[in-house]
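Read the structure below first, then the notes.
The values are calculated or read from the model by the stated rules, or taken from the named source; none is laboratory data. On a predicted model such as this, the values are computed, not experimentally measured, just so you know. For neighbour counting, all protein chains shown are included, and Cβ atoms are generated from backbone atoms with ideal geometry for every residue, glycine included. Heads up: the accessible areas ignore ligands, DNA and RNA and are worked out on the full protein's heavy atoms, side chains in. Shrake-Rupley method; radii C 1.70, N 1.55, O 1.52, S 1.80 Å.
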Amino acid sequence: MNRLYYILLTATILLPGCVTQFVPDITGEEKALVVEARVTDRNETYVVRISNLQPVYGEYPEPYVGISSVSVLDDAGNEYPFTYHYDGTFRSDSTVFTALPGRKYKLRLEGTEHVYESDFIEMKPVPCIDSLYAGPEENEFYRPGQTTWGYQVSLDTHDPSGECRFYMWTYSETWEFRYPYRSPYMINRICWKSARSADINILNTTSLDESRVIKQPVAFITNETDRLIVKYSILVRQYSISEEEFIYRENIRKTVFESGGLYDAIPGSITGNIKCIDDPSQEVLGFFGVSAVSEKRLFIENVQAQFPDFYAYCRIDTVTVTAYQNGHYGPDVYILLEWWEPPAPPYYILSIHKECTDCSMIGTAVKPDYWDESGQFKTVQIPRDEEE
Amino acid sequence: MIRRLLILMLIMLPAFSATGQQQSMPVTWDYAGTSFIDFASHAETSLPVRFYFRSEWVVGLKMPDLGEAPQLKEVLDAAFAGRNIHYHSDDRGNIIITGEYSVRPFGSVATPEGRSLPQTDYSGQESLTVTGDNQVYDIGNPSEAGRSGIITVSGYVRDISSGEGLPGVTVFVSELAQGAATDGNGFYMVNIPRGSYTVHFSFLGMKETSVSTRVYGSGRLDIGMAETYIPIEGAVVTARKNDALRRLETGLEKISIATLRLMPASLGETDVLKNILLVPGVKTVGEASQGFNVRGGASDQNLILLYGAPLFNPSHFFGFFTSVNADIIEDLHLYKGGMPARYGGRLSSVIDIIPRNGSTGEFSGKAGISPIATHVVLDIPVVSEKLSALVAARTTYSNWIMDLVDYPLLNKSRASFQDINTRLVWTPDKKNSIELSGYYSFDAFSLNNDTTYRYANTIGSLKWNRSLAGGAKLSLSASASLYDYNIGSNDIAEKAFDLSYGIHYTGFRAETDIPAGEVHHLNGGIESALYDVMPGRLMPAGESSLVSPKETGIQRALENALYVEDRLTLSESLSASMGIRYSFFSAIGPASVRLYEEGLPMSNATVTDTILYRQGKFYRTYSGPEVRLSLNYMITGRSSVKVNYNRTRQYLHLLSNTVSISPTDIWKLSDWYLKPQVADQFSAGYYLNIPWNNIDLSAEVYYKPMRNMIDFKGGAVLMMNESIEKEIISVTGRAWGAELMARKAAGNITWSLGYTYSRVMLRSISPHESEAINSGRWFPASFDRPHDLSLSFNYTVTRRFNFSFNYVYTTGRPVTYPVGTYQSGGLWLIHYSDRNKYRVPDYSRLDISARLLGNLKSKKLMNPAWTFSCYNLLGRANVYSEYFIPDGRNIRAYRLSVFARAIPSLSYSFDF
């Protein structure tokens, strides 16, 4: 139903509207505690991240947030303390505490001045992802009216029990990339880059007879990135979330990512389920989520599309070896390739970017352990993209 | 065929000399036995004369044979002899032919041949149509002169060219400072003591007509008024705009369609509602957004009446156009200050769209084409002088434009709108008239072949007007207005759905208007409205859809009101109006009302009980008086002071949590939790007419506290929400402002300049701090735009060519800026607070428009008109909104403009 937003965009394109960027003059700042935490049914370390609201412009304020103890309580009266970690987070001990579906949990933070608590939230079970698949698609990824080709990753799932009605998905993606040149001067040529989802992907099935999710878009991978050149893998996490969290995330999505249109809501403060119990005027941002999780991984390789030359920027100059050795180019250049076709003198192809000789500067040279285990997961070989 | 001209305006001018001073004008051609029309056209080519006449006066008239080369005057005298046809010729060669009565220019002596005005029938039964001249008309039997007592003068005011009655004409007896207005049929009535008076008839878009009378007894005075848009060469017409000075209410604007047509139109469509944004005190959140705000009121606080029924969604194309066709409108009354007791149900304003009646005289029509739509209107006199029909239709063809645009999303999208109006007026006799009106508007919008939006307004209305003895009037009307929308999606078969909403109004009104003596004029009535709201029905679409059908219960309510108002003429200079309206509202079962734990915010967790009310149970009733008072004191004949107080109550609320209202917002009735909105408005005004150039000045101030308005908790889902009370935050508001206006309404050059300073501040009222917006502090409403300047200018260069422009400047609207960013779930998010603390840049826009009429010859089938207009001529990218998108740790700030450049358009229309 948020299509009205697109109607606005349509209308503004039909009519000669425009969008320009500007620098706002924002004065004043506000203090608020930010708490982000989730417990799952996985046997993993849960992380409670505590920070301060940052001003729009200016320096990061002190990381001190005045929280001294963090714990999660369940409805059976157990308390699981979290321990302070050097990076400002509090972490659980996975050998002691693993949350269970059907149980209720709440978060408690104690600080020097205030005590903060969430409500009890019940963990709903989550079904497995039935299928995760990808297909070539033309999509308006960057902005309306500008379509681009790529692969749409989607999933289907359903919960026969009907218990899980509110879903959230996140993903992490990893892809292999190789420089299109080989030379002994290079330190690392094959690497893996990773990224995480950067959107809020939630859905509720309350309006449906059964809790079934069909063709839910997860990620769109355009040919304009280097993700699909060699091999690509996406790990999708499916969470069951509470109704309160669904409403909260939906509000965040609308307010933060969908503002500005004719039919968009006036943005306002959105607070989660964590409250300061001794002073209600203290604003607490963030949410304590309780979710069961299921995962599925998808590989995409052998994509036969045409890609831009992502590494054109690496080759800045072609110089004779002699000139290089005479130091004409200074120390801050890197040899990518040596090239000699007698009787011409030998040449170096140079770069000023170190990462062009060492891909571990922008990725990792360590192959992920699952990278060749594609037999364990379904390997999807996408047919040649007919368009490009 | 009519010689379109204002004969009668000519007549009233002393500039024209008496008859009989013609130069020699021999008729040299073979004229004998030709029709008068041929004779006249021949004479116009051969002699320096022009004829003005109505063809029906000369039907069958053959020119007599007076031998070789007689003088024109002889031929005319002979031709008209024995017929009730008279003529008058001036020294400029204009020969004006009149049927029924003769023309007697100022200062002349009645011709002895008996061609002067027929003797007035003193019985008072026979009427004479007067169009204003410097002659004194006798009304009633002169033998009664010298008697005392109040008598009644009544009659019809008609458009001289079409013969249609003109509703809403101000009739004003200047000596008594007493006035009246014509009813829907153009009928007026004034109760005055015997004496000599000058009676002024004025109406926007028509030339003011003044008639000197000697009133001996009750009698009839019918008036023919002429349109202004063809001024007479050389004539200086001094129109007197007494209207603003004399009427009681502050803050009443009358806008005639003739004025609207001259104003610049966006995309070539004359827009009846967009132009009211030029009126001081009327604002909007942004251009091309549906809805407007009157004196600090929310956009759901405006009652738009079409055929007496509320029009729920007056917009086409998501607010870019008004869904009421300009062709069907006579004029528009906007009540923003003093509200007569007969109107109620909304807090801030009433826009009464006065429909035009079809012509009872001749068949005529008009069609036009603009870049967006095409429209046609037909005036069909079904039974001459008895039954008229008006049919108007409009449709868009923007779909092909969408196909032309090289943009895939648009190619697959569809947008269309239509509207149809029909109106039948049956006048079986002079005492009765029956009006049957119908309206339908439809919009469909689909995007990318995916989700389809449809919405439609339907209005039907039947009204019976009856004149009673003593000048009293009675009218009974019944009407219905339906607004329905539907959202359908079949993108994914399993998720395909069909969601519909509807609000249905059925209303009845009985009203009477009684002139009671010299001092009192009573108006009273009862009004009853039944509302049925279908708040939402979700249905699966197609076999494979998994969507489960869901229906929220129908809400029903009855709103009744009783009102009476006395318009008092206390003295020559003091008049007042005292009105009271008592409204009752009952929410009717079946209903289930959730009760919540006291002292805690309402949520699913705090529900303690649910009460079920059976069908037909009046489970919650609200009622209250609405006092309407106004006082007008004429300081001099050219200045007056008015004060006004009124209270308004509103039982119907538009649930909208967006900046601009959208067609899919829902109307909700007051219920257990949702209290009626209440506003008080105190206003005062000073009005001054400057004789030099006839400029009207006015200054009005107002203060308006409002309560029980609604806002929503962040991100509330309003559609299909069974317990909306959980989401509602009650808001009180206060608005105040000063509106200054200078206007020159007559002459070749007309203009108006308005400046408004106004504020509207809101504050959320919640016992729970967590729910309060801005922690319960006052914050400006989204339409709070303190400074507002508007200038509109029109220059009638020639009778065929007209040029106008509008300029608007307002303060930018308030927006909310981020106060910080934070990281959550791996994303950087923006935190907003301090609602509406900042403002977008100021708004400034210039529109121009030029209209060229076809030639003014009478012998042609069509009267074409070309209108060129340019919206936002300066091409200024006025900022509609400012918004923020996180980009990692940084925030990117954007400005959105809806119309970022000049939009020229050309439209063509023709009368036939």
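Taking the range A:221-248 as the range and being in a helix (DSSP H, G or I) and either at the interface with chain B (Cβ under 7 Å from one of its Cβ atoms) or open to solvent by less than 20 Å² (accessible area, probe 1.4 Å) (or both) as the test, the residues that pass are A:GLU245, A:ILE247, A:TYR248. Just so you know, in the range B:371-387 the residues that are in contact with a strand residue (DSSP E or B) (Cβ under 7 Å, 6 or more places away or on another chain) and of a type in the set (Val, Ile, Thr) include one that is most open to solvent (accessible area, probe 1.4 Å), and it is B:VAL382. Take A:GLY272 and decide whether it is in a strand (DSSP E or B), within 12 Å of another protein chain (Cβ to nearest Cβ) and under 22 Å from A:ARG108 (Cα atoms). Judged against the criteria, A:GLY272 is not a match. Screening A:PHE177 with (1) surrounded by fewer than 19 Cβ atoms within 10 Å (Cβ to Cβ); (2) not in a loop (DSSP other than H, G, I, E, B) gives one miss only, at (1).
When B:PHE618, B:PHE585 are checked against the criterion of being among the hydrophobic types (A, V, I, L, M, F, W, C) and modelled with pLDDT under 95, a single residue qualifies: B:PHE618. Exactly one residue among B:LEU762, B:LEU753 is assigned to a strand (DSSP E or B) and either hydroxyl-bearing (Ser, Thr, Tyr) or open to solvent by 30 Å² or more (accessible area, probe 1.4 Å) (or both), and that residue is B:LEU753.
Of the residues that make up the range A:249-265, is at least one part of a loop (DSSP other than H, G, I, E, B), modelled with pLDDT under 90 and more than 8 Å from every other protein chain (Cβ to nearest Cβ)?
The answer is yes, given that some residue of the range A:249-265 is part of a loop (DSSP other than H, G, I, E, B), modelled with pLDDT under 90 and more than 8 Å from every other protein chain (Cβ to nearest Cβ).
Specify which of the listed residues (B:ALA541, B:ALA587) is under 30 Å from B:THR452 (Cβ atoms), in contact with an Asp or Glu (Cβ under 6 Å, 6 or more places away or on another chain) and not hydroxyl-bearing (Ser, Thr, Tyr). Explain how you work it out, then say what you get.
Numbers: B:ALA587 fails: under 30 Å from B:THR452 (Cβ atoms).
One residue alone meets the criteria, B:ALA541.
Restricting the range B:519-569 to residues that are of a type in the set (Gly, Ala, Ser) and within 33 Å of the chain's Cα centre (by Cα), the residue that is nearest to A:ARG165 (Cα to Cα) is B:GLY536. A search for C-beta distances below 6 Å between a residue of the range A:170-191 that is within 14 Å of another protein chain (Cβ to nearest Cβ) and closer than 30 Å to A:PRO217 by Cβ and any residue that is of a type outside the set (A, V, I, L, M, F, W, C) and open to solvent by 60 Å² or more (accessible area, probe 1.4 Å), counting only pairs 6+ apart in sequence or on different chains, returns A:SER172/A:ARG196. Just name the residue that is nearest to the chain's Cα centre (by Cα) out of those in the range B:791-834 that are in contact (Cβ under 8 Å) with a residue 60 or more places away in the chain and within 19 Å of B:TRP736 (Cα to Cα). Among them, the one singled out is B:THR810. Inside the range A:134-161, residues that are outside any strand (DSSP E or B) and modelled with pLDDT under 85 make up a count of 2.
Listed conditions (1) open to solvent by 40 Å² or more (accessible area, probe 1.4 Å); (2) of a type in the set (Gly, Ala, Ser); (3) part of a loop (DSSP other than H, G, I, E, B) are all met by B:GLY163, apart from (1).
Scanning the range B:731-750 for residues that are open to solvent by 40 Å² or more (accessible area, probe 1.4 Å) and outside any loop (DSSP other than H, G, I, E, B) turns up B:ARG734, B:TRP736, B:LEU740, B:ARG743, B:ILE749.
Residues in the range B:499-532 that are open to solvent by 50 Å² or more (accessible area, probe 1.4 Å) and within 30 Å of B:SER545 (Cα to Cα): 1 in all. The single condition among (1) more than 14 Å from chain A (Cβ to nearest Cβ); (2) surrounded by fewer than 24 Cβ atoms within 10 Å (Cβ to Cβ) that B:THR284 does not satisfy is (1). Please go through the range B:290-310 and pick out each residue that is assigned to a loop (DSSP other than H, G, I, E, B), open to solvent by 10 Å² or more (accessible area, probe 1.4 Å) and away from chain A (no Cβ under 14 Å). Selection gives B:PHE292, B:GLY296, B:TYR307, B:GLY308. From the list B:LEU568, B:LEU538, the one residue that fits, being in the same structural domain as B:LYS463 (by TED's automatic domain parsing), under 30 Å from A:GLN216 (Cβ atoms) and either open to solvent by less than 30 Å² (accessible area, probe 1.4 Å) or not in a strand (DSSP E or B) (or both), is B:LEU538.
Yes/no matrix, rows are residues, columns are (1) touching a Pro at 6+ places or on another chain (Cβ under 8 Å); (2) at pLDDT below 85:
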{"site": "B:LYS274", "(1), (2)": "no, yes"}
{"site": "B:VAL279", "(1), (2)": "no, no"}
{"site": "B:VAL282", "(1), (2)": "no, no"}
{"site": "B:GLY286", "(1), (2)": "no, yes"}
{"site": "B:SER299", "(1), (2)": "no, no"}
{"site": "B:ILE304", "(1), (2)": "yes, no"}
{"site": "B:SER315", "(1), (2)": "yes, no"}
{"site": "B:PHE318", "(1), (2)": "yes, yes"}
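Taking the range B:815-835 as the range and being more than 7 Å from chain A (Cβ to nearest Cβ) and surrounded by fewer than 21 Cβ atoms within 10 Å (Cβ to Cβ) as the test, the residues that pass are B:TRP828, B:ASP834.
For the range B:635-675, a residue qualifies if it is within 14 Å of chain A (Cβ to nearest Cβ), part of a loop (DSSP other than H, G, I, E, B) and touching a residue at least 60 places away in the same chain (Cβ under 8 Å), and the qualifying residues are B:SER656, B:ASN657, B:VAL659, B:SER660, B:SER662, B:PRO663, B:THR664.
Look at (1) buried (at least 18 other Cβ atoms within 10 Å of the Cβ); (2) touching an Asp or Glu at 6+ places or on another chain (Cβ under 9 Å); (3) at pLDDT 85 or above and you find that B:TYR838 fails only one, number (1). Are any of the residues in the range B:889-908 open to solvent by 30 Å² or more (accessible area, probe 1.4 Å), away from every other protein chain (no Cβ under 14 Å) and in contact (Cβ under 8 Å) with a residue 40 or more places away in the chain? Checking the range B:889-908: at least one residue is open to solvent by 30 Å² or more (accessible area, probe 1.4 Å), away from every other protein chain (no Cβ under 14 Å) and in contact (Cβ under 8 Å) with a residue 40 or more places away in the chain. Check whether at least one residue in the range A:213-220 is crowded, with 20+ Cβ neighbours inside 10 Å and over 19 Å from A:TYR151 (Cβ atoms), and report yes or no. Yes; the residues of the range A:213-220 include at least one that is crowded, with 20+ Cβ neighbours inside 10 Å and over 19 Å from A:TYR151 (Cβ atoms). Could we say that B:VAL678 is part of a strand (DSSP E or B) and within 14 Å of chain A (Cβ to nearest Cβ) here? Here the answer is no, as B:VAL678 does not meet what is asked.
Can you tell me which residue is surrounded by the most Cβ atoms within 10 Å (Cβ to Cβ) among those in the range B:863-888 that are of a type in the set (Phe, Trp, Tyr) and farther than 17 Å from B:TYR809 by Cβ? The qualifying residue surrounded by the most Cβ atoms within 10 Å (Cβ to Cβ) is B:PHE884. Of all residues in the range A:26-52, those satisfying the criterion of being in a loop (DSSP other than H, G, I, E, B) and facing another protein chain (nearest Cβ under 8 Å) are A:ILE26, A:GLY28, A:GLU29, A:GLU30, A:ALA32. If you go through the range B:876-887 and pick out every residue that is part of a loop (DSSP other than H, G, I, E, B) and more than 9 Å from chain A (Cβ to nearest Cβ), you end up with 2.
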